[in-house]
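One structure is given here, and the rest of the page talks about it.
The values are calculated or read from the model by the stated rules, or taken from the named source; none is laboratory data. Everything numeric here is computed off the predicted structure, so don't read it as measured data. No Cβ is skipped: glycine too gets one built from the backbone with ideal geometry, and neighbour counts run over all protein chains shown. When the accessible area is computed, the model is the full protein with side chains, heavy atoms only, and any ligands, DNA or RNA have been set aside. Shrake-Rupley method; radii C 1.70, N 1.55, O 1.52, S 1.80 Å.
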Amino acid sequence: MRGFFDPRQLAHAPKREFHNGGWTDYAEVPARAEAIVAALGGAEAPTDHGEAAILAVHDAGYVDFLKTAPAKWAAAGRDGDVVGYVWPVVARRKIDLTRIDALAGRYSLDAATPLTADTWTAAYWSAQSALSALAAVQAGDRAAFALCRPPGHHAGADYLGGYCHLNTAAIAAQAARDAGATRVAILDIDYHHGNGTQDIFWARGDVFYASVHADPATDYPFYWGHADEIGEGLGEGATLNLPLPQETTLAAFRAAQATALDAIARFGPDVLIVSFGADTWEGDPISHFRLATADYAVLARDIASAGWPVLVVMEGGYAIPALGANLASFLAGF
Ligand SMILES: [Zn+2]
């Protein structure tokens, strides 16, 4: 299977994140991608597909914020990485404010995802890796892999969060639609619910979103991913959430994934995009499922047996010593 990654995706390296009431070391580190590249024995450089595919999903003001916020932060006399401290939760008033702290609140979901001067470049090439892997599938490959780091599924059209800036799965899904695919399905099997992907396609019936994840009653992102969220308008019924309790092992996870695959089969996609997170692994430092390395090959075989062309995009996974083996197990299942 072809795999895509650009070394410029390594440059984004925030120092810290705000988590459970205090600052901790940033978990989404460049070494994650280096471990995966090593396990794969290398990766192809992506082609630059330009910014249009990004702007087909993301708000132009938000993209400008990603590019310019670090300079505005520095101009305000601040040290360190850009992070907000006020969020417009009562009503998201999208008014034109210029102070960097107002912008950081308007375009952020949390304080766990600081921006550095290198974030835009890293996120841009993460998106290009997804678009290049999509191109491989469009050219006839049965499956292709995009080493998207930074990851994407928590990012909405106009907000970052959960270590995510550009929603690579959504960008690839929209690009597939724009290239002529009638129906696209996204299967999200990261430990966390992909709130951003769900949000982007919430009211659309042409992109089906199914997610197997930790119950948001106990785990990030808390406010999204509950079983009663099914989409609305044209998208009603095109969102499927299958939350599972902490300590879930393969049998229950595999059964939930089978439910998702059955729903996707009824939808009938031209292409399947898999948001893959290895933070479901039993030793992940920030998550609480109990999947073993060999389990990922089982899950991948179940997906592959459905017969759709598959684009796998990388999401989470924070146990760096096991990350390469877990990803290799998953890809081997195809
Ligand atoms: Zn995750």
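Okay, here's what the table says:
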{"read-out": "Cα-based helix-to-principal-axis angle, 320-332 vs the chain, degrees rounded to 10", "value": "40 degrees"}
{"read-out": "Long-range HN-HN contacts of residue 274 with modeled amide H, under 5 Å", "value": "187, 311, 312, 313"}
{"read-out": "Sum of -39500 (n - 2.57) over DSSP H runs of 4+, divided by residues of the chain (222 nm, nearest 500)", "value": "-10500 deg cm²/dmol"}
{"read-out": "Difference of contour (0.36 nm per residue) and Cα-Cα distance, residue 217 to residue 74", "value": "47.7 nm"}
{"read-out": "Amide H contacts under 5 Å for residue 209, placed H, 5+ residues apart", "value": "186, 239, 240"}
{"read-out": "Solvent-accessible heavy-atom area per residue, rounded to whole Å², over region 217-334 at 1.4 Å", "value": "39 Å²"}
{"read-out": "Relative contact order (%) - region 116-199, alpha-carbon pairs under 8 angstrom, separation at least six", "value": "27 percent"}
{"read-out": "Principal axis dimensions, region 1-59 - Cα atoms, whole angstrom, descending", "value": "40, 35, 18"}
{"read-out": "Per-peptide average of other Cβ atoms within 10 Å, ordering 72-82, 320-330, 306-316, 167-177 highest first", "value": "167-177, 306-316, 320-330, 72-82"}
{"read-out": "Percent accessible area from carbon and sulfur atoms, the chain, protein chains only, probe 1.4 Å", "value": "55 percent"}
{"read-out": "Proximal aspartates and glutamates relative to residue 15, as straight alpha-carbon distance under 16 Å, when same-chain residues fewer than 8 apart are discounted", "value": "25, 28, 79, 81, 110, 118"}
{"read-out": "Per residue solvent-accessible surface (Å²) - region 71-188, probe of 1.4 Å", "value": "36 Å²"}
{"read-out": "Region 1-155 - Kirkwood radius from inverse mean 1/r over Cα pairs (Å)", "value": "16.8 Å"}
{"read-out": "Kirkwood Rh and Cα Rg combined as Rg over Rh, evaluated for the chain", "value": "0.94"}
{"read-out": "Principal-axis tilt of helix 250-267 within the chain, Cα atoms, nearest 10 degrees", "value": "90 degrees"}
{"read-out": "Protection-proxy order for peptides 222-233, 107-118, 125-136, each taking the mean of Cβ atoms within 10 Å per residue, highest first", "value": "125-136, 107-118, 222-233"}
{"read-out": "Mean Cβ neighbour count within 10 Å, used as a protection proxy, ranking 55-66, 10-21, 197-208 highest first", "value": "197-208, 55-66, 10-21"}
